[in-house]
Amino acid sequence: MIYINIISFSYSKIMNILKHYTIKGIIFVLITGTISHFIYEWSGNNSVLGLFFPINESIWEHMKLCFFPILLYSFYMNNKLKTEYPCVTSSLLFGVLFGTLLIPVIYYTYSGILGYHNMVLDIATFIVSVLLAFLVIYRLTLSCSVTAYQEQLKLLVIFFAVCFFVFTFYPPNIGIFIDMSILLPTKKKRRRYIQQHLRTFYLVARGGFEPSTPRV
């Protein structure tokens, strides 16, 4: 009986560790992804940073908000849990791809139904993608369902990373790469232009950032 209780306690402890790192990952990616949206602009349109952070308002560029933050956290989580959870590596690789691809899936689903896109729903799309990505990571870490495909998943993650790098500067002329800001009505574009100027002014006053020309 004591032996069973010890096993039960050990299992609960391991489960709590996984939950702990999963929740930390959600918080990290939500914060990092949100900040990432502005890094390129704040850097004065630095081309190197543009490889990792969105350079415009296209759906493809917004997929970076999930891909790179989850990938970055995956190195940390994998290092911490790979001993207790041998399947965590494959589940993290799958989670990176799953969360990234959810962004265009959810966006085109809701915008196709409504006939337009909405900023609040765009933000919700990012949040839901992150939450579902880590839910899948958590489940697959326990079930080990994709462990057999770890090498293929690794190649797919590398493939996506290369595509993000290449398409940052050479985007194909298809819908997912269109900068959505050019489709905004003139009044909204003007309002956004003013807001970006005010934000840049605030950053300069607080931290000495070089003011950059906001994207319209």
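The values are calculated or read from the model by the stated rules, or taken from the named source; none is laboratory data. Note that this is a predicted model, so its numbers are computed, not measured. With ideal geometry, Cβ positions are generated from the backbone for all residues, glycine too; neighbour counts draw on all protein chains shown.
Taking residues in the stretch 173-185 that are in a loop (DSSP other than H, G, I, E, B), and partners anywhere that are at pLDDT 85 or above, the pairs with Cβ atoms closer than 7 Å and at least 6 places apart or on different chains are Ile178/Ser58; Asp179/Asn56; Asp179/Glu57; Asp179/Ser58. Does Ile137 satisfy the condition of being surrounded by fewer than 20 Cβ atoms within 10 Å (Cβ to Cβ) and either in contact with a Phe, Trp or Tyr (Cβ under 8 Å, 6 or more places away or on another chain) or without any contact (Cβ under 8 Å) to a residue 12 or more places away in the chain (or both)? It is false that Ile137 is surrounded by fewer than 20 Cβ atoms within 10 Å (Cβ to Cβ) and either in contact with a Phe, Trp or Tyr (Cβ under 8 Å, 6 or more places away or on another chain) or without any contact (Cβ under 8 Å) to a residue 12 or more places away in the chain (or both). Criterion applied to Ile113, Ile137 was being within 22 Å of Gly33 (Cα to Cα) and either in a helix (DSSP H, G or I) or at pLDDT below 95 (or both), and the one residue passing it is Ile137.
Taking the stated definitions as given, is Arg192 more than 30 Å from Leu97 (Cβ to Cβ) and modelled with pLDDT of 55 or more? In short, yes.
Of Ala161, Ala148, all but one fail to be touching a helix residue (DSSP H, G or I) at 6+ places or on another chain (Cβ under 9 Å), at pLDDT 90 or above, loosely packed, with under 12 Cβ neighbours inside 10 Å and assigned by TED's automatic domain parsing to the domain that holds Asn56; the exception is Ala148.
Could you tell me whether Gly33 is modelled with pLDDT under 95, in a helix (DSSP H, G or I) and closer than 22 Å to Phe177 by Cα? Give the derivation first.
Working: modelled with pLDDT under 95: yes; in a helix (DSSP H, G or I): yes; closer than 22 Å to Phe177 by Cα: yes.
So Gly33 fits the description; yes.
Scanning the stretch 151-170 for residues that are farther than 23 Å from Val88 by Cα and not aliphatic (A, V, I, L, M) returns Cys163, Phe164, Phe165, Phe167, Thr168, Phe169, Tyr170.
Working carefully through the options Ile26, Ile55, find the one that is outside any helix (DSSP H, G or I) and either crowded, with 22+ Cβ neighbours inside 10 Å or touching a helix residue (DSSP H, G or I) at 6+ places or on another chain (Cβ under 8 Å) (or both).
On the way: Ile26 fails: outside any helix (DSSP H, G or I).
Exactly one of Ile26, Ile55 is outside any helix (DSSP H, G or I) and either crowded, with 22+ Cβ neighbours inside 10 Å or touching a helix residue (DSSP H, G or I) at 6+ places or on another chain (Cβ under 8 Å) (or both), namely Ile55.
Please specify each residue of the stretch 73-89 satisfying the condition of being touching a Phe, Trp or Tyr at 6+ places or on another chain (Cβ under 7 Å) and surrounded by fewer than 24 Cβ atoms within 10 Å (Cβ to Cβ). It would help to see each step written out before you state the result.
So in the stretch 73-89, the residues touching a Phe, Trp or Tyr at 6+ places or on another chain (Cβ under 7 Å) come out as 73, 77, 80-81.
Passing the criteria: Tyr73, Lys80, Leu81.
Considering each residue of the stretch 122-130 in turn, none proves to be in contact with a Leu (Cβ under 9 Å, 6 or more places away or on another chain), assigned to a helix (DSSP H, G or I) and among the charged types (D, E, K, R).
Report, by residue number, each residue of the stretch 38-52 that is out of contact with any Ser or Thr (no Cβ under 8 Å at 6 or more places or on another chain), surrounded by fewer than 18 Cβ atoms within 10 Å (Cβ to Cβ) and assigned to a helix (DSSP H, G or I). Selection gives Phe38, Ile39.
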